[in-house]
1. Given the conditions (1) at pLDDT 95 or above; (2) over 27 Å from Thr218 (Cα atoms), and given that Pro173 satisfies all but one, which numbered condition is not satisfied?
2. Just one of (1) at pLDDT 95 or above; (2) under 18 Å from Ile149 (Cβ atoms); (3) of a type in the set (A, V, I, L, M); (4) not in a strand (DSSP E or B) trips up Ala197, so point out which.
3. Restricting to segment 18-39, give me the number of residues that are among the acidic types (Asp, Glu) and under 23 Å from Met177 (Cβ atoms).
4. Taking the condition in a helix (DSSP H, G or I), modelled with pLDDT of 95 or more and either open to solvent by less than 40 Å² (accessible area, probe 1.4 Å) or farther than 28 Å from Thr49 by Cα (or both), does Leu178 pass?
5. Would you check which residues across segment 1-32 are in contact with a Pro (Cβ under 7 Å, 6 or more places away or on another chain) and at pLDDT below 95 and list them?
6. Among the residues of segment 22-47, which ones are assigned to a helix (DSSP H, G or I) and closer than 29 Å to Thr164 by Cα?
7. Under 8 Å by Cβ, and 6 or more places apart or on different chains, what pairs join a residue from segment 37-50 that is more than 13 Å from Trp109 (Cβ to Cβ) and of a type in the set (Ser, Thr, Tyr) with one that is modelled with pLDDT of 95 or more and assigned to a loop (DSSP other than H, G, I, E, B)?
Amino acid sequence: MATAARSAGRAPTWQGQRAQPTRILLLRHGQTELSVERRYSGRGNPELTDLGRRQAAAAAQRLGESTEIAAVISSPLQRARSTAEAVAERLGVAVDIDDGFIETDFGAWEGLTFTEAAQRDPELHARWLGDTTVAPPGGESFAQVSERIATTRDAVLQHYPGTTVLVVSHVTPIKTMLRDALATGPELLFRLHLDLASLSIAEFYPDGGSVVRLVNDTGHLD
């Protein structure tokens, strides 16, 4: 009743929503050796570099001051878990692992550079760059990632309505969450840049609609 009363008393947003949104803080993991070499890094499990650990600590310092974060959720991969654990320790909460936020499976392209993958499978790689239904050899298409992220996001919204949740994940899942919040097309996946340890924020309303409030903020790394 109290929640309903608060919702009823809220002034509507510019989109007309009155209910309290779930705010999802989207933090990309810190640097790994594959990041340094600009290699496809999907289901492989490299550790953070020294710089990556410093990036995680900087994110923890920034986010650890928040009293609003109700949960910290991480991809199962170590680079994301280590980043999430740094923040969670500052907040004094546990890290929840959710396989749904894992990075794209790049299949046979895992560990290759862009050029190496293009040379290995030139025709397929070219199609993959423009068609989200095309998957790397033995891997996962961006369309499949989108379905996975939609299911995972909906579960988060159901479990944490009207709260703030930190999700520590990877480039493709974060871009997909932002794309869905913006209700834009698949081209965003190929045109949006996300830095290591960057922070983005999306809000999802229970009565429909969504808002992106921040994209690729790295102010804590300065």
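1. Failing condition for Pro173: (2).
2. (2)
3. So the answer is 0.
4. yes
5. Within segment 1-32, Arg18, Ala19 qualify.
6. Ser35
7. So the pair list comes out as Thr49/Gly30; Thr49/Gln31.
Residue by residue, here is whether (1) in contact with a Ser or Thr (Cβ under 7 Å, 6 or more places away or on another chain); (2) in contact (Cβ under 8 Å) with a residue 40 or more places away in the chain holds:
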site: Pro122; (1), (2): no, no
site: Ile149; (1), (2): yes, yes
site: Val165; (1), (2): yes, yes
site: His170; (1), (2): yes, yes
site: Ile174; (1), (2): yes, yes
site: Met177; (1), (2): no, yes
site: Ala202; (1), (2): yes, yes
site: Val212; (1), (2): no, no
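The values are calculated or read from the model by the stated rules, or taken from the named source; none is laboratory data. Remember, it's a predicted structure, so these values are computed and weren't measured experimentally. Positions of Cβ are backbone-derived with ideal geometry, glycine not excepted, and every protein chain shown enters the neighbour counts. Areas reflect the complete protein model, heavy atoms only, side chains present, ligands, DNA and RNA absent. Shrake-Rupley method; radii C 1.70, N 1.55, O 1.52, S 1.80 Å.
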